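Below: one structure, written as structure tokens.
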Amino acid sequence: MSPEYPALPKGIPDCLKKRQLLNDKVLSPELCREYGRKFLELGWREDALEFFKKGGMADELEQLKAYALEAGDAFLLGRLGHQTPEDWRHLGERALVLGKLHFARRAFEIAGDDDKTALVAGLIAGQAVAEDS
């Protein structure tokens, strides 16, 4: 017996419909914004990102970038495209404060900050040793 999955909220496309929409060559910017905002309201930032990118929604993409920097989310920032080393350092510092050590290490690696990368790698290694004890 397969598990029952909750129904998607009204107006939210399922994964197949979402793929069709994103592959549609003539999907209007207005629809991209509408779907992106719906996904954002649900906290589904990755899905929102896809629609905002397709529609060229610069303001919405900047809001996602601000969120990624504040949340220390290296994965989301990377999906937004090329970022400056300063943005990556900022994200690394924030991720470090939030205890997101793997995101911090990745951010410092991309920023080219070898000292901070090594510091965080040491923290991660120490954490692994502490967990083994």
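The values are calculated or read from the model by the stated rules, or taken from the named source; none is laboratory data. All of these numbers come straight from a predicted model, not from anything done at the bench. FYI the Cβ positions are ideal-geometry reconstructions off the backbone, even for glycines, and counts take in every protein chain you see. Surface areas here come from the heavy atoms of the whole protein model, side chains and all, with no ligands, DNA or RNA. Shrake-Rupley method; radii C 1.70, N 1.55, O 1.52, S 1.80 Å.
Points to keep in mind about this one:
- Residue tally, condition on the phi > 0 side of the Ramachandran plot and open to solvent by 40 Å² or more (accessible area, probe 1.4 Å), over the stretch 25-71: 1
- Being of a type outside the set (A, V, I, L, M), in contact with a Gly (Cβ under 6 Å, 6 or more places away or on another chain), open to solvent by 30 Å² or more (accessible area, probe 1.4 Å) and more than 27 Å from residue 19 (Cα to Cα) holds for only one residue in 108, 103, and it is 103.
- The one condition in (1) out of contact with any Asp or Glu (no Cβ under 6 Å at 6 or more places or on another chain); (2) open to solvent by less than 50 Å² (accessible area, probe 1.4 Å); (3) not β-branched (Val, Ile, Thr) that residue 90 fails to fulfil: (2)
- Checked against (1) closer than 30 Å to residue 127 by Cα; (2) in a helix (DSSP H, G or I), residue 99 meets all criteria but (2).
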